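Q: Have a look at this one.
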Amino acid sequence: MNPEELIHRYLLGKATDTEIKALEVMLAEDVEVRRKFIFEAGVDAGLREIALERVSEPKVIEKVPFRATFLPVGFAAGFAFLLGAVVMHFGGETVPDESVNNVGVEEPLAEGFAVIENLFGAEWAPNEKTRKRGDSLGAEVLRLQGGLAEVQFFSGAMMMIQGPAEIALKSAWEASCQHGVVRMRVPPAARGFKLQGPATEIVDLGTEFGFQVRDGAAHVEVLDGEISFRHREGEEHIATKGAAWALPSDRAESEAERGLVPFPEMGRMGGQAELNQRRDFEQWQVHRDGFARGEQVVAYYTFERDHLSAVIPSLAVPRSSEFDGAVVLAETAAGRWPGMKQALEFRRPGSRVRVHIPGEFQALTFAAWVRVDSLDRRYNALFMGDGYETGEPHWQIRDDGKLMLSVMVDDSRPHPRHPDLRFHRIYYSTPLWDLSMSGQWLHLVSVFDPSSRTVSHYVNGVRLSREAIPSEFQVDTLRIGNAEIGNWGQPVRKDPSFAIRNLNGRVDELAILNAALTDAEIRELHDRSQAGRD
């Protein structure tokens, strides 16, 4: 009996003592079997949770693969023991990203200890990475050539940077200003936050101070509360509201005149950010109306609807109700411009938008603004053809953050390496998402181009990957028909069970084009439709 069959029998409570011992041996000897076991155990646990939520529909639950009926107490104890044994025996081993629902293995980790809260007129230094609102920040240097950037540390401290400036972020509790102007606001929970200058270290005792460094010389002013500082390894000073000190690089500190430096106002950016949001939204509306008239646009959904309506219109011109979508369980939520634009949230297992896309196509480009909250399952649907028949696409995100685009090549042929599947090929991007990006809006694009025999993936206007289509997997005529946004339920089947692939997140805009957009066209599409341009 192969490992997969043994795992399924074990989770269903049907494994004999001999089969359990055989499975233990396989788990001890083969890392791939351990990964498979952890994955299947996670699926089993998730389906049991659904069973608890749907006790009024037992017949449906009984038909779900790896069904959610409860194991006898002995098998449940055995499951816990076996999984614990796997984890303890191989405790020092890191399970790669291919695993999902890593039951009892290790918690997922994300990098970073601060985030870009707001930007206003921000200009980054040449060759410097362009940051956007919501970007996570770790131990790195910010070189702001002009404008303002507001950084929120996970400790609770807030730093407003006025360019030109060079700021080194060291931890949630420490940063360094080598040049420029900053204003710090430190709440009680973040007391002890340290800001270093060329020759000075400041410890904020609450609540607000300004700091300027120019040509190696610094100036500090306490705007509220008090700070402690030490200059050139001299004595410690306590400075309270209204105090100002000159901090030259080559000699001792001295008291200075207040108001010499116009520090940026903390409250200013909130109102300015709202004005920027309104400006960006109005620019997007102009883009939307022009894009909808594009000859290559097959269907275009912006997910704005009357709250009483279950219909999401396709805005592609000429308008046809044939392409309109039907909302099932998906919920209206705030989009990229909260209070101005809607999105759809697909957090419930059954949530989706049903669409019908008739016709045949020579190429396909999928483009969407997506907010991923988490990748809870192996496959997280973006746009899925119903039956996955010849020429039909599947567009998804895998649990390791990779974009996936596949087209069924021949549904009458078995796959040579996977006899239970039909003849198709999946094209992956490099990883584009991790937990630190939860809640960020991303512009995702995938292009299937039979004429050039390539598949390409993009995020935020930048190409992540381009892969050649092997001759054996070439398919020239593409079609969609019935399909779903945000899920894959195969509703044409009589079997009430369905794969759990709903996207745990929101979709704000989705377009399908009968063309293979170029790198330049995709970059322009992103730039014209983005929010938070600063």
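The values are calculated or read from the model by the stated rules, or taken from the named source; none is laboratory data. Computed from a prediction, not measured in an experiment: that's the story for all the values here. Every residue, glycine among them, receives a Cβ derived from its backbone with ideal geometry; neighbour counts consider all protein chains shown.
Q: Among the strands (runs of 3 or more DSSP E) confined wholly to segment 318-434, which include 2 or more residues that are over 21 Å from residue 506 (Cα atoms)?
A: Qualifying strands (runs of 3 or more DSSP E): 352-361, 402-414, 422-431.
Q: If you don't mind, there's one more thing I want to ask. Going through 443, 424, 415 one at a time, which residue ends up being crowded, with 16+ Cβ neighbours inside 10 Å and at pLDDT below 90?
A: 424
To keep it simple, each residue is scored yes or no on (1) touching a helix residue (DSSP H, G or I) at 6+ places or on another chain (Cβ under 7 Å); (2) free of Cβ contacts under 8 Å to residues at least 60 places away in the same chain; (3) surrounded by 18 or more Cβ atoms within 10 Å (Cβ to Cβ).
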residue	(1), (2), (3)
433	no, no, yes
439	no, no, no
448	no, no, yes
452	no, no, no
455	no, yes, yes
463	yes, yes, no
468	no, yes, no
471	no, yes, no
481	no, no, no
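Q: Within segment 166-182, does at least one residue satisfy the condition of being in contact (Cβ under 8 Å) with a residue 40 or more places away in the chain and farther than 21 Å from residue 120 by Cβ?
A: Scanning segment 166-182 turns up at least one residue that is in contact (Cβ under 8 Å) with a residue 40 or more places away in the chain and farther than 21 Å from residue 120 by Cβ.
Q: Considering every residue within segment 152-160, establish whether at least one is closer than 28 Å to residue 228 by Cβ, within 23 Å of the chain's Cα centre (by Cα), surrounded by fewer than 22 Cβ atoms within 10 Å (Cβ to Cβ) and polar (S, T, N, Q).
A: yes
Q: Within segment 275-297, track down each residue that is closer than 24 Å to residue 368 by Cα, exposed (fewer than 15 other Cβ atoms within 10 Å of the Cβ) and either modelled with pLDDT under 90 or touching a strand residue (DSSP E or B) at 6+ places or on another chain (Cβ under 6 Å) (or both).
A: 278, 279 - these are the residues of segment 275-297 that are closer than 24 Å to residue 368 by Cα, exposed (fewer than 15 other Cβ atoms within 10 Å of the Cβ) and either modelled with pLDDT under 90 or touching a strand residue (DSSP E or B) at 6+ places or on another chain (Cβ under 6 Å) (or both).
Q: Could you go through segment 337-345 and let me know if any residue there is among the charged types (D, E, K, R), over 25 Å from residue 400 (Cβ atoms) and touching a strand residue (DSSP E or B) at 6+ places or on another chain (Cβ under 6 Å).
A: Within segment 337-345, not a single residue is among the charged types (D, E, K, R), over 25 Å from residue 400 (Cβ atoms) and touching a strand residue (DSSP E or B) at 6+ places or on another chain (Cβ under 6 Å).
Q: Let me ask something else. Being without any contact (Cβ under 8 Å) to a residue 40 or more places away in the chain and assigned to a strand (DSSP E or B) is the filter here; which residues of segment 145-165 pass it?
A: Scanning segment 145-165 gives 145, 146, 149, 151, 152, 159, 161, 164, 165.
Q: What residue, of 286, 317, is without any contact (Cβ under 8 Å) to a residue 12 or more places away in the chain and among the hydrophobic types (A, V, I, L, M, F, W, C)?
A: The conditions single out 286.
Q: If you scan segment 301-347, which residues turn out to be charged (D, E, K, R), at pLDDT below 90 and either under 21 Å from residue 482 (Cβ atoms) or not assigned by TED's automatic domain parsing to the domain that holds residue 386 (or both)?
A: Answer for segment 301-347, where residues must be charged (D, E, K, R), at pLDDT below 90 and either under 21 Å from residue 482 (Cβ atoms) or not assigned by TED's automatic domain parsing to the domain that holds residue 386 (or both): just 305.
Q: When you go through (1) at pLDDT 95 or above; (2) buried (at least 22 other Cβ atoms within 10 Å of the Cβ) one by one for residue 204, which number turns out not to apply?
A: (1)
Q: Please specify each residue of segment 121-139 satisfying the condition of being over 16 Å from the mean Cα position of the chain (by Cα) and not acidic (Asp, Glu).
A: Within segment 121-139, 121, 122, 124, 125, 126, 127, 129, 130, 138, 139 qualify.
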